[in-house]
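Written out below as structure tokens is the structure these notes cover.
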2 protein chains.
Amino acid sequence: MEAIETRRQAANAKAVERMCAAEPVLVDVRPAGRIVPGMTRETILTSGAPLPWDAYTGGQRSAIIGGALFEGLAPDTASAVTALAGGRIRVEPCHDHGCVGSVAGIYTASMPVFVVEDRAGGGRGFCNLFEGPAPARLNYGVWNDDVRRSLAAIQDVIGPLLGEAVRARAGVPLRPIMRRALHMGDELHSRNTAATLLFTRELFSSLLDLDDARPKEVRRLLEYLAASDYFFLRLSMAASKVAADAAHGIEESSVVTAMTFSCREFAIRVSGLGDAWFRAPLPRVAAKVFAGYTEADVELMGGESIINETVGLGGFAQAAAFALQEYQGGSAEEMAVLNRAMYDIAVAEHPEFKIPYFGFRGVPVGIDIHRVTATGITPAMDVGVPGRGGGQIGAGILRAPLACFEAAMAAWVNRYGEPTKENRRPGGWGGVAR
Amino acid sequence: MEAIETRRQAANAKAVERMCAAEPVLVDVRPAGRIVPGMTRETILTSGAPLPWDAYTGGQRSAIIGGALFEGLAPDTASAVTALAGGRIRVEPCHDHGCVGSVAGIYTASMPVFVVEDRAGGGRGFCNLFEGPAPARLNYGVWNDDVRRSLAAIQDVIGPLLGEAVRARAGVPLRPIMRRALHMGDELHSRNTAATLLFTRELFSSLLDLDDARPKEVRRLLEYLAASDYFFLRLSMAASKVAADAAHGIEESSVVTAMTFSCREFAIRVSGLGDAWFRAPLPRVAAKVFAGYTEADVELMGGESIINETVGLGGFAQAAAFALQEYQGGSAEEMAVLNRAMYDIAVAEHPEFKIPYFGFRGVPVGIDIHRVTATGITPAMDVGVPGRGGGQIGAGILRAPLACFEAAMAAWVNRYGEPTKENRRPGGWGGVAR
């Protein structure tokens with residue numbers, strides 16, 4: 001028994017060490033179909049553990065259909081639905097392709113994606129681009145001409161020019177930007193204002209060079225960057241994805257390496273438990289809704305930006321971002337209390353990502369399913385909140401459902417044996433993995 | 001008696017209303033000699049209430065001599081000293097010319113200055129430019145070839161190009177930048193990282209236009225801006241100067257409209273007490289010194305960046321900038337406690353400059369000499385710390401000496417009469433104004 005517990009802790013230390021060692025560098029911006037492994041023209045990637053087509057409802061279903069129409073895979077909604085039901089258009093989970101989806105998380109082959117390489121671990125992650133500040137966006141389940149125009153501008157102008165600028169300077173290291181942004185009021189999930197500015201400044205000199213040939217496009221890109229305080233979120237997601245993936249697949253580790261949700265379920269993946277998803281019904285979000293909406297209008301439609309919490313950002317760094325109160329509610333004191341609680345379920349503190357308010361204590365990193373089940377404290381996540389009928393209607397805090405962690409812990413015990421007595425849970429380990 | 005107290009409070013409300021209403025806009029960058037009122041080629045402006053030449057010692061004296069040499073007013077130190085002692089080169093206080101000096105605060109005629117207009121009150125303020133990140137700078141009492149080269153680059157490249165970029169976009173409003181920066185970890189005195197980035201982004205499209213004609217200069221300016229997290233301090237100083245000046249000269253007001261210090265004295269000016277400076281010996285600074293120095297190496301040599309505290313920034317907004325711990329010491333808790341104490345001596349809370357950690361409470365604004373003397377709480381100021389022999393050797397917190405406020409309160413009582421009984425100070429009002 002002692003031996004297993006010692007080995008579990010050693011495995012977790014190794015997992016978190018890899019997670020913290022990641023050196024994500026943005027190396028390119030390319031169409032998903034040309035760079036994302038396994039991506040075909042008929043593939044649409046969406047958020048959450050895999051579900052059959054019929055299980056996608058509401059905004060997530062609308063978003064998938066919108067993706068098919070944007071990509072020209074079907075001429076109208078009815079034929080898109082037929083193609084999706086018949087399997088001609090395939091819906092697959094983002095995580096299986098090195099991607100992470102924001103909200104519904106729609107990826108189609110022609111959408112540009114950030115290509116982020118982990119210079120330490122060698123892994124690669126991808127994320128598509130922020131659609132802009134309008135509340136109606138494809139990833140929030142809306143498909144109309146405005147959304148089509150935004151996506152077309154990203155595909156035709158923003159993505160290609162960003163790619164050129166990034167290649168011209170041989171990549172943009174993201175870790176230094178993230179480290180600084182945490183000292184400037186970002187928690188890098190629901191607040192990315194400083195990181196977006198820091199990234200923009202990194203690109204200035206390349207943009208000066210590109211300005212001779214394409215002055216209009218350069219100005220269009222700068223407008224997009226200036227209007228999009230959330231721009232960097234997609235980069236912090238890709239950076240978090242490579243960090244989390246670096247920690248995956250370590251035998252005996254009980255560290256969470258992915259959290260995700262669809263319109264139906266929340267799910268987690270664990271380093272030492274292979275590719276199984278441990279699922280539970282969706283929790284309720286504690287939302288602050290925009291004027292004109294009520295909490296009854298909230299309709300979750302998926303989300304994988306919580307990969308950031310998986311590696312110690314977002315809800316795990318709220319005390320770095322007190323300005324978030326305005327956006328997602330709560331008080332500074334509540335934010336600090338919540339953030340402190342996250343240390344109780346984390347294996348370590350990040351050596352470089354630090355919270356000034358906590359005296360530059362490292363963010364809590366590496367969620368241990370054992371600690372979650374033993375304490376009943378579940379991960380807190382800062383999320384954008386979609387509404388029934390599509391569009392963003394607010395922001396708030398989501399708590400992961402305990403049942404996922406119980407299911408994962410049961411699987412861990414089943415595979416590796418009982419932890420030591422003092423770590424054993426009185427009621428045993430419930431739940432099952434699917 | 002009651003009537004006087006009522007009128008005092010009404011006067012203070014008016015003073016603070018004007019202070020908060022200021023709309024500072026950077027409209028130009030010009031050589032001081034062409035724009036600063038009363039500036040001549042033989043004038044050198046320095047920090048602090050006026051002193052005879054002989055009274056300037058140490059770093060401040062070296063800085064004034066360095067200014068004379070930079071401006072070519074004398075071929076060497078000995079002849080500069082002769083010209084200064086004889087009055088051919090005149091040393092005057094920055095504040096008398098609409099300027100505010102950082103540390104020793106040296107202005108000579110050819111140095112470029114930011115020209116900031118208050119679009120609400122109509123006033124104008126000036127501040128010269130940050131010399132760059134090297135610890136050895138003229139305003140820290142150092143004069144050598146490196147300092148000369150930095151100043152020359154500012155005079156020949158940085159200043160003129162900034163001026164062109166600013167004129168091309170018809171001015172840069174500073175208030176929105178300052179408001180946002182307070183949500184991004186700046187208190188706008190010892191931390192200006194976010195404001196510098198926001199300002200840089202504002203300028204970028206003008207710089208793209210200027211890039212065709214002067215690509216080298218544009219890149220040089222961007223390098224300067226990227227290397228100078230403190231760049232914006234000079235803009236927040238000029239913005240604070242116009243806000244403080246707008247509140248000056250209101251009969252019966254007991255609100256402080258300037259704080260300043262030289263190498264010898266600390267001094268304040270009060271809205272309802274004309275242009276008199278109320279002086280006291282220099283306080284000690286609670287400094288965190290850079291590696292290799294001790295507190296014994298500290299040598300104050302003047303400073304007027306504390307105009308920012310006069311209008312509610314810096315030490316009055318520390319809880320917006322917990323990352324400052326690293327730079328100037330203290331804990332987040334101490335910073336919050338100190339910041340809260342500043343509300344006890346301020347007349348109002350700023351309607352737009354807010355502190356996220358305090359639930360977006362406005363910064364405390366308008367220091368009331370009555371409250372300072374009644375409570376014994378003196379203004380806390382975030383300052384850069386110079387060392388013996390010149391150069392910056394650290395940063396820290398300076399508390400204004402109570403004696404200035406006692407002297408000012410005595411003058412106020414002498415001019416306007418005793419405040420109400422409950423506001424009267426048990427021991428009477430001591431001190432004198434010079």
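Read the figures in this text as sums done on the coordinates, not as results from a lab. Predicted model, so just to flag it, every value in this text is computed and none were measured. In this analysis, Cβ positions are derived from the backbone assuming ideal geometry, glycine residues included, and neighbour counts consider all displayed protein chains.
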Q. What's the exposure ranking of A:151, A:51, going from fewest to most Cβ atoms within 10 Å?
A. A:51, A:151
Q | Positive dipole terminus of segment B:93-232, leading residue within B:110, B:227, B:203 (C-beta point charges) | A | B:203
(Q) With the label 7 angstrom out along Cα to Cβ, how close does residue A:86 come to the same site in each of the other copies, in nm, nearest first? (A) 10.1
(Q) Taking a point 7 Å out from Cα toward Cβ as the label site, list the nm distances between residue B:40 and the same residue in every other copy, smallest first. (A) 8.6
Q | chain A: mean projected area of Cα convex hull, nm² | A | 19.6 nm²
(Q) Going by amide H atoms built from the backbone, whose H comes under 5 Å of the H on residue B:113, apart from near neighbours? (A) B:30, B:32
Q | Alpha-carbon centroid distance for the pair segment A:128-165 / segment A:254-315, whole angstrom | A | 23 Å
Q | Length gained when the stretch residue A:168-residue A:344 is fully extended (0.36 nm per residue, less Cα-Cα span) | A | 59.0 nm
Q) Going out from 0 in 10 Å bins, what whole percent of all Cα-Cα distances in segment A:176-237 drops into each bin? A) 24, 47, 24, 5
Q) Once you measure Cβ to Cβ distances between cysteines in chain A, which Cys have no partner under 4.7 Å? A) A:20, A:127, A:263, A:404
**Q.** Inter-label distance for residue B:76 and residue B:90, nm, one decimal - labels placed 7 Å from Cα along Cα-to-Cβ
**A.** 2.9 nm
Q) Taking neighbour Cβ counts within 10 Å as the exposure measure, how do B:189, A:370 sort from fewest upward? A) A:370, B:189
**Q.** Point-to-point label distance, residue B:375-residue A:21, nm (Cα→Cβ direction, 7 Å offset)
**A.** 5.3 nm
Q. Between copies, how close do the residue A:274 label points come, placed 7 Å along Cα→Cβ, listed in nm from shortest?
A. 9.0
Q: Assign unit charges at the C-beta atoms only (+1 for Lys and Arg, -1 for Asp and Glu), then state the dipole size of segment B:113-240 relative to its Cα centre in Debye, rounded to the nearest 20.
A: 240 debye
Q | Net charge dipole size for chain B [Lys, Arg +1 and Asp, Glu -1 on Cβ; Debye, nearest 20] | A | 280 debye
Q) To the nearest 0.05, how large is the calculated FRET efficiency for residue A:179 and residue A:156 if R₀ is 41 Å and r is the Cβ-Cβ distance? A) 0.75
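Before anything else, pin down the relative contact order of chain B: Cα pairs under 8 Å, at least 6 apart, normalised by residue count, whole percent. Each step should come with its number before you reach the end.
Numbers: 1038 pairs, mean separation 89.5, N = 434.
Relative contact order, chain B: 21 percent.
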Q: Go through A:132, A:247, A:374 and say which Cα lies farthest out towards the positive end of the charge dipole of chain A; charges sit on Cβ, +1 for Lys and Arg, -1 for Asp and Glu.
A: A:247
Q: Take chain B, connect every pair of alpha-carbon atoms lying under 10 Å apart with a spring to form a Gaussian network, then pick out the residue of B:336, B:239, B:267 with the largest mean-square fluctuation.
A: B:336
Q. Which lysines, on any chain, are close to residue A:14 with Cα under 25 Å apart, when same-chain ones fewer than 8 places away are left out?
A. A:241, A:354, A:421
Q.
I need the semi-axes of the equivalent ellipsoid of the protein assembly as shown: take the C-alpha gyration tensor, multiply each eigenvalue by 5, square-root it, list largest first in whole angstrom.
A. 54, 30, 25
Q) Which shape class, rounded, prolate or oblate, goes with segment A:250-423 when its Cα gyration tensor gives a ≥ b ≥ c as root eigenvalues, a/c under 1.5 marks rounded, and past that a/b bigger than b/c marks prolate? A) oblate
Q) For segment B:131-289, what does the alpha-carbon gyration tensor say about shape, rounded, prolate or oblate, given a ≥ b ≥ c as the root eigenvalues, a/c under 1.5 as rounded, and a/b over b/c as prolate? A) prolate
Q: Convert each backbone phi in segment A:122-130 into a coupling constant with the Karplus relation 6.51 cos²θ - 1.76 cosθ + 1.60 (shift: θ = phi - 60°), then list the ³J(HN,Hα) values in order as whole Hz, x for Gly and Pro.
A: x, x, 10, x, 9, 8, 7, 9, 4
Q | Reach of residue B:216 by Cα under 19 Å, taken over aspartates and glutamates that are not fewer than 8 positions away in the same chain | A | A:202, A:209, A:211, A:212, B:156, B:164
Q) Expressed as a rounded percentage, what relative contact order does segment A:23-236 have, with Cα pairs under 8 Å and six or more residues apart? A) 27 percent
Q: Work from the charge dipole of chain B (Cβ charges, +1 for Lys and Arg, -1 for Asp and Glu, about the Cα centre) and give the residue of B:213, B:6, B:50 farthest towards its positive end.
A: B:6
Q) In nm, to one decimal, how far is the residue B:13 label point from the residue A:227 one, both placed 7 Å along Cα→Cβ? A) 4.3 nm
**Q.** Relative contact order (%) - segment A:250-423, alpha-carbon pairs under 8 angstrom, separation at least six
**A.** 27 percent
Q: Would you please give the residues with an amide H less than 5 Å from that of residue B:365, counting only those at least 5 places away or on a separate chain, with H modeled from the backbone geometry?
A: B:347, B:348, B:349, B:350
Q | Within chain B, longest stretch clear of exposed GluC sites (Glu not before Pro) (DSSP loop, no more than 16 other Cβ within 10 Å) | A | B:43-250
